[in-house]
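J.: Pasting in a structure now, in structure tokens, and then I'll have a few things to ask.
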Amino acid sequence: MDIEKIEETLAREEIKLAPLWKRFVAFMVDDLLVSMILIGINWDRIAQNTQDTEAMLSIVSSSWMALYLIKLLYQWLFVHFYGATIGKIVVRIRVIEVELLDNPKMGQAFVRSCFRLLSEILMYLPFLLVFENRIKQALHDKVAKTIVVNL
């Protein structure tokens with residue numbers, strides 16, 4: 001579906017795109033929640049090594065795989081089942097697929113989550129695509145054929 005058709009459909013259904021500031025706040029809330037989960041998982045190791053900087057750095061550097069797995073699962077499942085992560089729910093925005101204007105299908109949500117994680121690994125540069133098109137799709141939205149809308 002091309003951008004003009006998407007804009008036409010959104011206008012007909014009276015759906016507004018999510019403002020970028022809401023997307024940024026949702027991103028920050030989600031990252032904070034995922035970080036808290038990771039801290040909770042490693043709490044015993046962290047509490048035992050509060051005075052040892054090297055040990056703390058080792059804990060953090062050894063947790064990168066768990067961090068990415070948690071982020072992937074969090075984004076994938078919340079977007080599929082609720083159309084939004086907790087951060088998006090807080091700021092009242094939602095991810096929808098462009099064809100049916102509904103929650104992304106399981107596969108779409110997974111692809112979106114994978115590419116979102118890839119964008120983070122690539123120093124957030126693919127997120128800048130939201131400034132390149134009128135419907136504010138980042139790379140993960142373009143690939144998954146989703147958009148983020150205001151509630």
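The values are calculated or read from the model by the stated rules, or taken from the named source; none is laboratory data. None of the values given here were measured: they were computed from a predicted structure. Positions of Cβ are backbone-derived with ideal geometry, glycine not excepted, and every protein chain shown enters the neighbour counts. With ligands, DNA and RNA removed, areas are computed over all heavy atoms of the protein, side chains included. Shrake-Rupley method; radii C 1.70, N 1.55, O 1.52, S 1.80 Å.
J.: Leaving out ligands, DNA and RNA but keeping every protein chain, what accessible area does E8 have, in Å² rounded to the nearest 10, with a 1.4 Å probe?
T.: Spelled out: E8, probe radius 1.4 Å, area about 120 Å².
J.: Stick to the Cα atoms of the chain, pair each with every other, and give me the Kirkwood hydrodynamic radius in Å at one decimal.
T.: For the chain, inverting the mean 1/r across all distinct Cα pairs yields 16.4 Å.
J.: So, one more: For the stretch 3-150, with all protein chains present and a 1.4 Å probe, just round the carbon and sulfur fraction of the accessible area to a whole percent.
T.: Exposed carbon and sulfur together represent 66 percent of the surface.
J.: Right, next: Could you sort Y82, Y68 by accessible area so the largest value comes first, with the probe set to 1.4 Å?
T.: Sorted by accessible area, descending: Y82, Y68.
J.: In percent, how large is the relative contact order of the chain, given Cα pairs closer than 8 Å and 6 or more residues apart?
T.: It rounds to 29 percent for the chain.
J.: Hydropathy first: keep DSSP H helices in the chain averaging at least 0.5 on Kyte-Doolittle, then drop any whose Cα extent along the axis falls short of 27 Å, and list what survives.
T.: 20-41
J.: Just the accessible area for T50, please: 1.4 Å probe, Å², rounded to the nearest 10?
T.: 90 Å²
J.: Further, regarding this structure: Pop out the ³J(HN,Hα) list for the stretch 139-147 in order, Karplus 6.51 cos²θ - 1.76 cosθ + 1.60 with θ = phi - 60°, rounded to Hz; leave Gly and Pro as x.
T.: 4, 5, 6, 4, 5, 8, 6, 10, 9
J.: While we're here: Roughly speaking, what is the centre-to-centre gap between the stretch 54-114 and the stretch 1-33 when only Cα atoms are used, to the nearest Å?
T.: The stretch 54-114 and the stretch 1-33 have Cα centres spaced 16 Å from each other.
J.: What figure, in Å² to the nearest 10, do you get for the accessible area of K16 with a 1.4 Å probe and non-protein molecules left out?
T.: 150 Å²
J.: Which one, L77, T50, M36, projects farthest toward the positive side of the charge dipole computed for the stretch 3-150 from Cβ point charges (K/R +1, D/E -1)?
T.: L77
J.: Going from most exposed to least, what order do D31, D102 have by accessible area with a 1.4 Å probe?
T.: Most to least solvent-accessible, the answer reads D102, D31.
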